[in-house]
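Right, I'll just put the structure down here and ask away after.
The values are calculated or read from the model by the stated rules, or taken from the named source; none is laboratory data. Keep in mind that this is a model prediction, so the values were computed, not measured. We place every Cβ from the backbone using ideal geometry, glycine too, and count neighbours over all the protein chains shown.
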Amino acid sequence: MKKKLEAERESRVGRLRANKSRPDKLLIGKLVVFGVGLIGGSFALAMKQCGAVGQVVGVGRSRANLNTARRLGIIDDIATDPALAVKDADLVLLAVPLGQTKAVLAQIAPHLAPHTVVTDAGSTKRDVIEAARHQLGAAFVRFVPAHPIAGTEKSGAQAAFADLFKLRNLIVTPQPETAARAVKLVTSAWKLAGMRILTMSAREHDRIFSLVSHLPHLLSFTAVGNIAGYPDAATLFQHTGGGFRDLTRIAGSSPEMWRDICLANRDAVLAALDGFLSDLEAVRGMVEASDGRALEEKFAAARRARAKWLKPS
């Protein structure tokens, strides 16, 4: 099965390589991707698929992953020196775990060309903006904070695919000094990848995603960890069904990435946890009091809210 999936992926990449229909002027002459995993790799593939990029350079901690990315046609070249990697780059995408962002910005800042635009794909924005403002200096005007709302529980270059971003939202949180040209380049690229562009403040972004993304991941990891902590965990896992699998699918995500997200968005995550714990305590009280009517009303309200959310607009 693994060989079959890899063959299908290589076939798809081959079709990307065979696509010679490129515009007269490329949107991105040289793209540098720090972190060629699901997000960074998929963005590179999307740019190649639509013929928007000339050269893709990959930078990362794992040489094996970078070799895989090059073999699959996700990147054209591997760079081990960040300074040389960003030389004459048109766009630099930081798709690394949040804990690495500050260090990468510090490494590349002195070597950015006057035209180079830098953007990120981080799940939090206030901390990233603060790091970029501090590390990039004058180049901060060409930094565009962004968050593509797309992903799976898989990671690494092998997980990347060009259509990951189709019909998904991209959140951009530009600052007052962010150059319009930089915003246009970044949003144009993500539009070509299939994304819809939304703009909001960094603070609002971090509050929203602490509730709809960060909290659910915490709950998923905790649900698995809770079962794993029982002495008869092996037996318990044998009896799980579709409901438990649905609830815990995202617990297959990168622990490093989610550790960094929780710490980077600490205040908003704590507020989200406090709100959830209060709600959970209320449900516990209903169960303890054998209050079936209150439980049913609670569940019915949640069911209606979910149906309204999923109803096609």
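Please go through the range 137-161 and pick out each residue that is free of Cβ contacts under 8 Å to residues at least 40 places away in the same chain and farther than 24 Å from G37 by Cα.
Scanning the range 137-161 gives G137, A138, A139, F140.
How many of the residues making up the range 236-291 are within 24 Å of L94 (Cβ to Cβ), of a type in the set (S, T, Y) and surrounded by fewer than 16 Cβ atoms within 10 Å (Cβ to Cβ)? Steps first, answer last, please.
Kept after step one, since they are within 24 Å of L94 (Cβ to Cβ), are these residues of the range 236-291: 250, 252-269.
Still in the running and of a type in the set (S, T, Y): 253-254.
Going one step further and asking which of them are surrounded by fewer than 16 Cβ atoms within 10 Å (Cβ to Cβ), we end up with none.
Residues in the range 236-291 being within 24 Å of L94 (Cβ to Cβ), of a type in the set (S, T, Y) and surrounded by fewer than 16 Cβ atoms within 10 Å (Cβ to Cβ): 0 in total.
Which of the following residues is in a helix (DSSP H, G or I) and in the same structural domain as D127 (by TED's automatic domain parsing): S188, S220, S210?
Numbers: S220 fails: in the same structural domain as D127 (by TED's automatic domain parsing); S210 fails: in the same structural domain as D127 (by TED's automatic domain parsing).
Exactly one of S188, S220, S210 is in a helix (DSSP H, G or I) and in the same structural domain as D127 (by TED's automatic domain parsing), namely S188.
Any chance you could count how many residues in the range 83-107 are under 21 Å from the mean Cα position of the chain (by Cα) and either part of a helix (DSSP H, G or I) or closer than 22 Å to P255 by Cα (or both)?
Qualifying residue count for the region: 13.
In this structure, is R142 of a type outside the set (A, V, I, L, M), at pLDDT 95 or above and in contact with a strand residue (DSSP E or B) (Cβ under 9 Å, 6 or more places away or on another chain)?
Working: of a type outside the set (A, V, I, L, M): yes; at pLDDT 95 or above: yes; in contact with a strand residue (DSSP E or B) (Cβ under 9 Å, 6 or more places away or on another chain): yes.
Judged against the criteria, R142 is a match.
Additional query: Out of curiosity, is V32 in contact with an Asp or Glu (Cβ under 7 Å, 6 or more places away or on another chain), within 23 Å of Q100 (Cβ to Cβ) and modelled with pLDDT of 95 or more? Full working, then the answer.
Numbers: in contact with an Asp or Glu (Cβ under 7 Å, 6 or more places away or on another chain): no; within 23 Å of Q100 (Cβ to Cβ): yes; modelled with pLDDT of 95 or more: yes.
It is false that V32 is in contact with an Asp or Glu (Cβ under 7 Å, 6 or more places away or on another chain), within 23 Å of Q100 (Cβ to Cβ) and modelled with pLDDT of 95 or more.
Another one. Which numbered condition trips up K154, out of (1) more than 30 Å from P312 (Cα to Cα); (2) in a loop (DSSP other than H, G, I, E, B)?
Only one criterion is unmet by K154, namely (1).
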